[in-house]
Amino acid sequence: MTNPSNPPATGSNSNRVIIFDTTLRDGEQSPGATMTFEEKLEVADLLDAMGVDVIEAGFPIASDGDFEAVSAIAKRVKRASVAGLARAAIKDIDRCGEAVRHAVRPRIHTFISTSPLHMKYKLQKDPEEVLAMITAQCSRARNLVEDVEWSAEDGTRTEIDFLCRAVELAIKAGATTINIPDTVGYTVPEEYERIFRTVRERVPNSDKAIFSVHCHNDLGLAVANTLAGLNGGARQIECTINGIGERAGNAALEEVIMALRTRADVMPYVNNIETGMLTRASRLVSAVTSFPVQYNKAIVGRNAFAHESGIHQDGMLKNAQTYEIMTPESVGVSKTSLVMGKHSGRNAFRSKLKELGYELGENALQDAFNRFKDLADRKKIIYDEDIEALVDDEIGHAGERIKVEALTVIAGTMGPQMATLTLDIEGNHVTKQAVGNGPVDAIFNAIHALVPHTATLELYQVHAVTQGTDAQAEVSVRLSEAGKSVTAKGADPDTMVASARAYIAALNKLMVKRQKTKPEAMSGGATA
Ligand code: KIV
Ligand code: ZN
């Protein structure tokens, strides 16, 4: 038997709030947000260093890939509890227990639906059967670890009397954390607060467990509901970096944390998060998932601390507090900026990366530096955004099986537009010439000819990283196959090269995804 999680909060009397991050589980369930094994380890390390209390590392029964990732994270994480998710089935719970067992603080998070709708249509079980399953799932989990979380899926659409009976049984059978998720993002703050108050008041053994919030953002209320849950007595927050997650996502960790910090006067809750690492975490998760962070996103968006209008700029110059309720430094955005150019050396480049929140290994640093030098030869002014795009591109493309080796494009009014593309497919160099209805179409046709695949292109988007005609282009491509989709980015001063890189990155991701769900699909070489 292992140690239980060591949350200092034992109920709603303490103001210490446990931060439970589910970027690697609910976040990774976002359509297109697949992460590789190495990327998951990198994210877990950062979450641990940032002070997250519980890292939900995945859903071990879902695939061998998920199991391996949860188990590797459990072995390496030093401080945080490591949780795995399990349905109410013995084999799920045992597999989860196996995956987390090497963690310093292992947790099994097991769930079942409790709303009338889910019980009838999804589970096809009557309420009494579900209650029996709750007892069975919690006691099975508690036989494996001391730290057991139980979730009432679709909790906010569950009849309150039934929810209270379910919670009482879960605690009796060994659950130490009770999560009442707003699975479909349906609740509103007042109602969510009331649910927690009622359950805690009515359930006789409620003082034996910590209550947890888990909110989805379908109505844009995830953060507001999360904070309301705390007022109702919850003391664990489930959230994700950048708010990624199923459908419209989960409550964004950075938003919840900065709301708590900035308005501590009305929400006197404490947590362990090192807020200076929030921007870095956001950038890392955006880079590994290829999910762009919207410019006006609270806390970590590019414009979150930018002031454009004359009146605001004037106020800022007189006193920053006129228009800033938090300092950029408090979330890890540094104001002092090194100016980079073609004369900058490796050390300056390394410092700049650090300032921007990146820490690369020696090989990745050298590759990124080579690309930076190349860019500096082609572009007069190198902005921070250029370096971010370049490094994100480098991280996103590391370890790929297929790489863009060379590309020549003929475009213009005299069609047909033509692309000659050379790919490196696991060390084999293959070239194809193709025509198309425009240069991008020609490139994608060449890719199709070299790497036959059935995936369809769902999104092709170009944006200029900075201003000016020599700006780098950042291209996003989303491919979908058999109901699964992946998004990937490519960056280069040449929009056509960026397009080819983005498409190839998406194909690489699709192959990783297929390998996770259907390993046999990978035996036919690189063909996607
Ligand atoms: O949204 C949800 O209900 C979940 C549970 C598995 C906790 O993610
Ligand atoms: Zn969820």
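Miscellaneous remarks
- Scan of segment 60-93 for residues that are in a loop (DSSP other than H, G, I, E, B) and of a type in the set (Lys, Arg), ordered by number: 78, 79, 87
- Enumeration of residues in segment 94-122 that are in a helix (DSSP H, G or I) and closer than 17 Å to residue 137 by Cβ: 94, 95, 96, 97, 98, 99, 100, 118, 119, 122
- Restricting attention to segment 123-177, the residues that are within 16 Å of ligand 2 (Cβ to nearest atom) and part of a loop (DSSP other than H, G, I, E, B) add up to 2.
- Boolean, residue 192 is over 20 Å from residue 57 (Cα atoms), buried (at least 23 other Cβ atoms within 10 Å of the Cβ) and within 16 Å of ligand 2 (Cβ to nearest atom): yes
- Among residues of segment 194-220 being out of contact with any helix residue (DSSP H, G or I) (no Cβ under 7 Å at 6 or more places or on another chain) and in a loop (DSSP other than H, G, I, E, B), the one that is farthest from ligand 1 (Cβ to nearest atom) is 220.
- Residue match in segment 149-165 (condition: of a type in the set (Gly, Ala, Ser), modelled with pLDDT of 95 or more, within 17 Å of residue 228 (Cβ to Cβ) and out of contact with any helix residue (DSSP H, G or I) (no Cβ under 6 Å at 6 or more places or on another chain)): yes
- If only residues of segment 108-122 that are within 16 Å of ligand 2 (Cβ to nearest atom) and not β-branched (Val, Ile, Thr) are counted, the one that is farthest from residue 210 (Cα to Cα) is 122.
- Selected residue (only one of 203, 213, 199 is free of Cβ contacts under 8 Å to residues at least 60 places away in the same chain and within 16 Å of ligand 2 (Cβ to nearest atom)): 213
- Residue that is surrounded by the fewest Cβ atoms within 10 Å (Cβ to Cβ), among those in segment 231-277 that are under 13 Å from the mean Cα position of the chain (by Cα) and hydrophobic (A, V, I, L, M, F, W, C): 248
- Residue match in segment 234-247 (condition: within 16 Å of ligand 2 (Cβ to nearest atom), in the same structural domain as residue 132 (by TED's automatic domain parsing), hydroxyl-bearing (Ser, Thr, Tyr) and out of contact with any Phe, Trp or Tyr (no Cβ under 8 Å at 6 or more places or on another chain)): yes
The values are calculated or read from the model by the stated rules, or taken from the named source; none is laboratory data. Computed from a prediction, not measured in an experiment: that's the story for all the values here. Counting neighbours? That spans all protein chains shown, and the Cβs are built from the backbone with ideal geometry, glycine included.
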